[in-house]
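Written out below as structure tokens is the structure these notes cover.
The values are calculated or read from the model by the stated rules, or taken from the named source; none is laboratory data. As the structure is a prediction and not an experimental result, all values here were calculated from the model. Glycine also receives a Cβ, built like all others from the backbone with ideal geometry; neighbour counts cover every protein chain displayed.
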Amino acid sequence: MPELPEVEVTRRQIEKILVGRTVLGVDTTKKSYFFLTPPAELRARLVGRQTKALTRVGKYLVAELDDGSRLLLHLGMTGQLFAAGARSPRLLSAERRATLSPERAQGFEPDQHTHLVMRFAEPGPNLYFRDVRKFGKVAWIARGEAHERLDKLGVDALRVSGAELYAALRRRAAPIKSVLLDQSVLAGVGNIYADEALFLAKIRSKRPAKRLRPEECERLAAAIRRVLRRSITRGGSSIDDYVRPDGSDGAYQTECHVYGRGGEPCRACKTPIKRIVIGGRSTHYCPTCQK
DNA sequence: ACCGCACCCTGAGCGC
DNA sequence: TGCGCTCAGGGTGCGG
């Protein structure tokens, strides 16, 4: 679910909970492919460690630990990283909510989808990682070791330049929309912001990437940076599952120009927004504004 | 090297 | 009410 803005908003809030605190205990669910590092090993590796910094690379969060090892986190489609005390209906399934008292049903209750809980020596809230579909990932990386998931990432989308984009697109015959989603080209853009950036840059989603002219790549790079920055300032997009770590919703979804607006009038020209499928992903665009 | 597709998993919403 | 179907913002791995 979450793309660069949601991950960055999460990073900024989680940083305050995590950095400078020492892990007292770790609870996990059972082994599944959510755990790139098996849960038993993960628990053993993390207990006693203090987090020195929390950084973001593309859609990944990386906690740097005091022994030089690192904790890699990815939210996948439905991952939720939040602090104890966070309250949101998004933190509970409807089915579970129905079994709870009205009061408790408005907040988070640990459930079978809460795969990781970190408790700390210092005062302050626990940290929870919940993920219904388990497309999220958690991995421990030994001191000095690389991780292929990080190594293969392209330039961070918040910093991409038009020249970098132009160079990266030269041999790509696939639709520009598909190439924007390729994390080895551009790290951080997902389905929502790919559609939004292409709208802002006035570029048709299915154009072959290598046909984009240099000036169009400049426009597109600027649109990508702009839409991501704007979404971060609005707290990201809360559409299905995403909540900020304090339980509050982001607000960027109310500003979307095309994403999720199939059939509705374009905010610029009133033409109905089209919804098509590109590379198996829903794609939204304005047939008038985007050439 | 690149492209499109199936697949991993679960819940929500829909039509019947 | 219940069933079956479709869809969902992520990424990997496969064959062509």
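Considering the stretch A:241-276 alone, what residues qualify as being at positive phi and within 16 Å of DNA strand B (Cβ to nearest atom)?
Selection gives A:Gly260, A:Gly263.
Mind telling me which of the residues A:Ala201, A:Ala222, A:Ala187 ends up being closer than 28 Å to A:Arg133 by Cα and either within 15 Å of DNA strand B (Cβ to nearest atom) or among the small types (Gly, Ala, Ser) (or both)?
Among A:Ala201, A:Ala222, A:Ala187, only A:Ala187 is closer than 28 Å to A:Arg133 by Cα and either within 15 Å of DNA strand B (Cβ to nearest atom) or among the small types (Gly, Ala, Ser) (or both).
Consider A:Leu127 carefully, then state whether it is touching a strand residue (DSSP E or B) at 6+ places or on another chain (Cβ under 8 Å), within 11 Å of DNA strand C (Cβ to nearest atom) and of a type outside the set (S, T, N, Q).
No: the conditions fail for A:Leu127.
Out of all the residues in the stretch A:78-105, which are of a type in the set (A, V, I, L, M, F, W, C) and within 10 Å of DNA strand B (Cβ to nearest atom)?
Answer for the stretch A:78-105, where residues must be of a type in the set (A, V, I, L, M, F, W, C) and within 10 Å of DNA strand B (Cβ to nearest atom): A:Leu92, A:Ala94, A:Ala98.
Yes/no per residue for (1) among the small types (Gly, Ala, Ser); (2) within 30 Å of A:Arg225 (Cβ to Cβ); (3) without any contact (Cβ under 8 Å) to a residue 12 or more places away in the chain; (4) buried (at least 19 other Cβ atoms within 10 Å of the Cβ):
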position: A:Pro5; (1), (2), (3), (4): no, yes, no, yes
position: A:Glu8; (1), (2), (3), (4): no, yes, no, yes
position: A:Gly25; (1), (2), (3), (4): yes, no, no, no
position: A:Tyr33; (1), (2), (3), (4): no, no, no, no
position: A:Leu36; (1), (2), (3), (4): no, no, no, no
position: A:Arg43; (1), (2), (3), (4): no, no, no, no
position: A:Gln50; (1), (2), (3), (4): no, no, no, no
position: A:Val57; (1), (2), (3), (4): no, yes, no, no
position: A:His74; (1), (2), (3), (4): no, yes, no, yes
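Given the residues A:Arg281, A:Arg211, A:Arg230, which is the only one that is within 16 Å of DNA strand B (Cβ to nearest atom), under 17 Å from the mean Cα position of the chain (by Cα) and within 22 Å of A:Leu186 (Cα to Cα)?
Of the residues listed, the single one that is within 16 Å of DNA strand B (Cβ to nearest atom), under 17 Å from the mean Cα position of the chain (by Cα) and within 22 Å of A:Leu186 (Cα to Cα) is A:Arg281.
Restricting attention to the stretch A:273-289, does a residue exist that is more than 19 Å from A:Thr10 (Cα to Cα), surrounded by fewer than 18 Cβ atoms within 10 Å (Cβ to Cβ) and more than 14 Å from DNA strand C (Cβ to nearest atom)?
yes
Output the qualifying pairs, or none if there are none: Cβ atoms under 7 angstrom, residues six or more apart or on different chains, first residue in the stretch A:179-192 and touching a residue at least 40 places away in the same chain (Cβ under 8 Å) and in a loop (DSSP other than H, G, I, E, B), second residue among the acidic types (Asp, Glu) and more than 13 Å from DNA strand B (Cβ to nearest atom).
Qualifying pairs under 7 Å: A:Gly188/A:Glu3; A:Gly188/A:Asp156; A:Val189/A:Glu3; A:Gly190/A:Glu3.
Identify the single condition in (1) of a type outside the set (D, E, K, R); (2) at pLDDT below 95; (3) over 23 Å from A:Arg159 (Cβ atoms) that A:Cys266 does not satisfy, given that it satisfies every other one.
All conditions are met except number (2).
If I go through the stretch A:67-77 residue by residue, how many of them are within 16 Å of DNA strand B (Cβ to nearest atom) and under 14 Å from A:Thr10 (Cβ atoms)?
So the answer is 3.
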